[in-house]
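First comes the structure, then the notes that go with it.
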Amino acid sequence: MRNPHPAEAAGTVGDDVLTVHALEAELDRHGGLVLRPKCGAGGPGELVTEWLRAVNCPDCLALDHT
Ligand SMILES: [Zn+2]
């Protein structure tokens, strides 16, 4: 079984394009990789858009420093 390397990424969720979250790759229920915000923002059906932008979500930044 191959071990996917979760890539560090940043991006926004849904309609909120101002809050840039730290994204981590997770396996969805079909076994595909999806990027989800570390802080858990957004619902499962919300579109995550990856950006080359600095993370500014306080919740994600707090998680990064633990
Ligand atoms: Zn966040």
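No value in this document is a laboratory result; all are computed from the given coordinates. Nothing here was measured: the structure is a model prediction, and the numbers come from that model. Here the Cβ positions follow ideal geometry from the backbone for every residue, glycine too, while neighbour counts run over all protein chains shown.
If Lys and Arg each add +1 and Asp and Glu each add -1, what is the summed charge of the other residues whose beta carbon sits under 14 Å from the beta carbon of CYS39?
Residues close to CYS39 contribute a combined charge of -4.
Taking the Cβ of each residue in VAL17, VAL55, VAL48 as the centre, tally the other Cβ atoms inside 10 Å and list the residues starting with the fewest.
Fewest to most other Cβ atoms nearby, the residues stand as VAL17, VAL48, VAL55.
Using only helices, what value at 222 nm comes out for the chain when you add -39,500 (n - 2.57) per DSSP H run of length 4 or more and divide by the total residues, to the nearest 500 deg cm²/dmol?
Calculated at 222 nm, the ellipticity per residue is -2500 deg cm²/dmol.
Suppose the chain between LEU27 and ARG53 were pulled fully straight at 0.36 nm per residue; how much longer would it get relative to their current alpha carbon spacing?
7.0 nm
What's the magnitude of the charge dipole for the chain around its Cα centre, counting Lys and Arg as +1 and Asp and Glu as -1 at the beta-carbon? Answer in Debye, nearest 20.
On the way: 5 positive and 10 negative charges, 41 e Å.
The dipole magnitude comes to about 200 debye.
Give me ARG29, ARG36, ARG53 sorted ascending by neighbouring Cβ count inside 10 Å, so fewest comes first.
ARG29, ARG53, ARG36
Would you please calculate the Kirkwood hydrodynamic radius of region 9-64 over all C-alpha pairs and express it in Å, rounded to one decimal? Display every interim value, and only then the final one.
Details: mean 1/r = 0.0900 Å⁻¹.
For region 9-64, the Kirkwood estimate is 11.1 Å.
Amide H of VAL20: which non-local residues (sequence gap of 5 or more, or other chain) have their own amide H closer than 5 Å, using H built in the peptide plane?
Result for VAL20 returns ASN56, CYS57.
VAL13: net charge of surrounding residues, Cβ under 14 Å, Lys/Arg +1, Asp/Glu -1, itself excluded? Walk me through the numbers on the way to the answer.
Numbers: positive: ARG36, LYS38, ARG53; negative: ASP15, ASP16, GLU24, GLU26, GLU46, GLU50, ASP59.
Computed value for this residue: -4.
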